[in-house]
Ligand SMILES: [Zn+2]
Ligand SMILES: [Zn+2]
């Protein structure tokens, strides 16, 4: 687990590394299919999103961070970000980025 600055949430929060995401993934996928099933049965969005709670709980258990929006979890994977900028320390937006979007420093 690493604490990184998230460009989308605009804050610094814990993100999972690849092997940690693997442990998390079964809960994550189970939640999505449970929610899809309920939506398919014509249940309300609120009822379907209750199915997503176990993943948020698991996330809290693993990271000690209380995320409230299930759909934010996907992009909280260390893998999706580049190295920290040598100047300002924020992670590059993608592993392929050629400059830092925060301060403009070329890598
Ligand atoms: Zn985020
Ligand atoms: Zn920078």
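We did not get these values from a lab; they are worked out from the coordinates using the rules stated. Values in this document were obtained by computation on a predicted structure and should not be read as measured data. When we count neighbours, we look across all protein chains shown, and the Cβ atoms used for this are built from the backbone with ideal geometry, even at glycine.
General remarks:
- Enumeration of residues in the range 92-106 that are more than 9 Å from ligand 2 (Cβ to nearest atom) and in contact with a strand residue (DSSP E or B) (Cβ under 7 Å, 6 or more places away or on another chain): 98, 106
- Tabulated pairs, the range 33-44, first without any contact (Cβ under 8 Å) to a residue 24 or more places away in the chain, second loosely packed, with under 12 Cβ neighbours inside 10 Å and not in a loop (DSSP other than H, G, I, E, B), C-beta under 8 angstrom, 6+ apart or interchain: 39/45
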